[in-house]
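The structure under discussion appears below in the form of structure tokens.
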Amino acid sequence: MRLQHTPSAPPNYAVLLWDNDGVLVDTERLHFQSTRDVFAQAGIDLTIQHYIDYFLKRSGGTSTFAAAHGLSEADIAAIKRARNARYLHLLESEPITISGVRETLLALRPHFVMGIVTSSRRQHLEAMHQRTGLLAFFDFIVAREDYKHSKPAPDPYLSAIDHSGIAAGRCLAIEDAPRGVTAARAAKLDCWVIPTALTGQATFTDATRILDRITDVESLLRPKTLTE
């Protein structure tokens, strides 16, 4: 297991704040695919490195990347509409399950307040989880419509802390991408990271822990008593 900035024992967390895409569901690759496909129709090559730099480290990736390639505001708006439609179709048709997620949430649910903190719009979130049934595990959801500035700004996590009613020092964020870590740390939260195939190339120097898989969360928060 990869660990970084690791305390001797986890603090007494009461709230778990989960990122959605890439942590609870395997949808980041679908967002990349739909965005890449739409830009390709405009004759622009969106590479994985472009996606990491423009979408996983900052907000406003579509607009910034498109503007850097000389597209007009009207072109950018059209690309966003086409990408969103393509993405919604993929969410409703492609496999998105991540192994171990349901079991981890089931084990942790009785012991923690839990919320989803996502940059996804509520329409997309609901489309994903209509298939997964995971929303029943959560006490609240903070989606893109619920705050002004998206990750890496702290706004989503500040809103989540308010929803929980519990101090930031007892809240833990669980992320997969650099901009999520930046947002969580700016909100004064500990942040554990589970890198994906897309985000594994990034650096996470500000993360409290770096894990290999989602089941590590349950193992660390509820360590088993060792017996001989």
Here the residues within segment 169-180 that are under 12 Å from residue 17 (Cα atoms) and in a helix (DSSP H, G or I) are 170, 180
Odd one out for residue 205, checked against (1) among the β-branched types (Val, Ile, Thr); (2) outside any loop (DSSP other than H, G, I, E, B); (3) farther than 20 Å from residue 105 by Cα | (2)
Of the residues in segment 113-154 that are among the charged types (D, E, K, R) and touching a residue at least 12 places away in the same chain (Cβ under 8 Å), the one that is nearest to residue 31 (Cα to Cα) is 121
Taking segment 139-153 and keeping residues surrounded by fewer than 19 Cβ atoms within 10 Å (Cβ to Cβ) and of a type in the set (Ser, Thr, Tyr) leaves 150
Filter result for residue 156 (modelled with pLDDT of 95 or more, surrounded by 18 or more Cβ atoms within 10 Å (Cβ to Cβ) and in the same structural domain as residue 210 (by TED's automatic domain parsing)) | yes
Got a sec? Which of 165, 169, 200 is in the same structural domain as residue 114 (by TED's automatic domain parsing) and either among the charged types (D, E, K, R) or under 19 Å from residue 30 (Cβ atoms) (or both)?
-> 200
Could you please find all residues in segment 181-197 being more than 18 Å from residue 29 (Cα to Cα) and outside any helix (DSSP H, G or I)?
-> 187, 188, 189, 190, 191, 192
Sole miss for residue 102 among (1) at pLDDT below 95; (2) in a helix (DSSP H, G or I) is condition (1)
Among the residues of segment 174-188, which ones are over 11 Å from residue 206 (Cβ atoms), surrounded by 21 or more Cβ atoms within 10 Å (Cβ to Cβ) and at pLDDT 95 or above?
-> 174, 176, 187
Pairs with Cβ under 8 Å, 6+ apart, first in segment 27-52 and at pLDDT below 90 and surrounded by 17 or more Cβ atoms within 10 Å (Cβ to Cβ), second part of a loop (DSSP other than H, G, I, E, B) and not basic (Lys, Arg) = 28/22; 28/176; 28/177; 28/196; 28/198; 51/198; 52/198; 52/202
Across segment 120-136, which residue is surrounded by the fewest Cβ atoms within 10 Å (Cβ to Cβ) among those that are among the polar types (S, T, N, Q) and at pLDDT below 90?
-> 123
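The values are calculated or read from the model by the stated rules, or taken from the named source; none is laboratory data. Just so it is clear, the structure is predicted and the values come from calculations on it, not from any experiment. Counting neighbours? That spans all protein chains shown, and the Cβs are built from the backbone with ideal geometry, glycine included.
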